[in-house]
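Notes to accompany the following structure.
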Amino acid sequence: MKSLPYFSRGEVIRGFGRGSKELGIPTANFADSVVDNLPADIGTGIYYGWACVGNGDVYKMVMSIGWNPYYKNTKKSMETHVIHTFKEDFYGEILSVVLVGYIRPERTYNSLEALIAAINNDIDEAKMKLELPEHLKLRDDNFFTSPSSALPPNSASTSQTILNGH
Ligand code: ADP
Ligand code: MG
């Protein structure tokens, strides 16, 4: 995927209440404008990377890029599970992410237990891969420390979104 690493940021909106939080794996959904800017070569599936809420600390994350049921599956959605326990929800806040690598395609599971096991495997893989020096480097990228400037070249369309509002 030539677009990786891919930098993106935007508002966290309410999802479809699919109960991710009840599974212990809440996923912060990005506003449509962020999803609209995804390059074509970033397909559906599970990705790993770094994420930061507002100007908070940078944590490891896993992201699912899938089809959005609200738009009758004609449009992608981006859902980020930040690998950190937050004290409060952060709807309406700005989430900054860098997609670093791809883990696996989306698939369906026969049971809730199988789904949770798969997600926990994804989280373990993300934690391990992100320890590689070339991936750790991205955690310290200017992108996370100067929210309105220093956007890397391939995130130009995203910064446009931020500058123009949603
Ligand atoms: P929704 O369907 O509205 O996306 P979820 O059950 O997926 O609901 O919960 C997502 C929300 O939980 C996020 O928008 C965020 O405000 C909150 N949240 C709390 N902790 C986390 C976390 N570690 N990762 C992602 N979202 C979190
Ligand atoms: Mg969600």
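Here residue 55 meets each of (1) under 22 Å from residue 140 (Cβ atoms); (2) within 14 Å of ligand 2 (Cβ to nearest atom); (3) touching a residue at least 60 places away in the same chain (Cβ under 8 Å) with one exception, condition (2).
Going through (1) within 14 Å of ligand 2 (Cβ to nearest atom); (2) crowded, with 19+ Cβ neighbours inside 10 Å; (3) not small (Gly, Ala, Ser) one by one, residue 9 falls short only on (1). Residues of segment 73-130 that are within 16 Å of ligand 1 (Cβ to nearest atom), small (Gly, Ala, Ser) and surrounded by fewer than 16 Cβ atoms within 10 Å (Cβ to Cβ): 92 alone.
Residue-by-condition table, conditions (1) modelled with pLDDT of 95 or more; (2) within 16 Å of ligand 2 (Cβ to nearest atom); (3) touching a strand residue (DSSP E or B) at 6+ places or on another chain (Cβ under 9 Å); (4) not β-branched (Val, Ile, Thr):
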{"residue": "66", "(1), (2), (3), (4)": "no, yes, yes, yes"}
{"residue": "74", "(1), (2), (3), (4)": "no, no, yes, no"}
{"residue": "97", "(1), (2), (3), (4)": "yes, yes, yes, no"}
{"residue": "102", "(1), (2), (3), (4)": "yes, no, yes, yes"}
{"residue": "128", "(1), (2), (3), (4)": "yes, no, no, yes"}
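Restricting attention to segment 20-47, the residues that are near ligand 1 (Cβ under 6 Å from one of its atoms) and on the phi > 0 side of the Ramachandran plot add up to 0.
Applying the criterion of at least 2 residues that are over 17 Å from residue 18 (Cα atoms) to the strands (runs of 3 or more DSSP E) found wholly in segment 49-136 leaves 58-67, 94-104. Please identify the pairs in which a residue from segment 24-42 that is aliphatic (A, V, I, L, M) and within 14 Å of ligand 2 (Cβ to nearest atom) has its Cβ atom under 6 Å from the Cβ atom of a residue that is modelled with pLDDT under 95 and not in a helix (DSSP H, G or I), counting only partners at least 6 apart or on another chain. That search, which allows pairs on different chains as well, returns 31/166; 35/76.
The residue pairs whose first member lies in segment 1-23 and is assigned to a loop (DSSP other than H, G, I, E, B), whose second member is at pLDDT 80 or above and of a type in the set (S, T, N, Q), and whose beta carbons are closer than 9 Å, counting only pairs six or more residues apart or on different chains, are 14/29; 15/27; 15/29; 15/77; 16/29; 16/77; 18/27; 20/27.
The values are calculated or read from the model by the stated rules, or taken from the named source; none is laboratory data. Everything numeric in this text was worked out from a predicted model, so none of it was measured. Cβ sites come from the backbone with ideal geometry, for glycine too, and all protein chains shown count toward neighbours.
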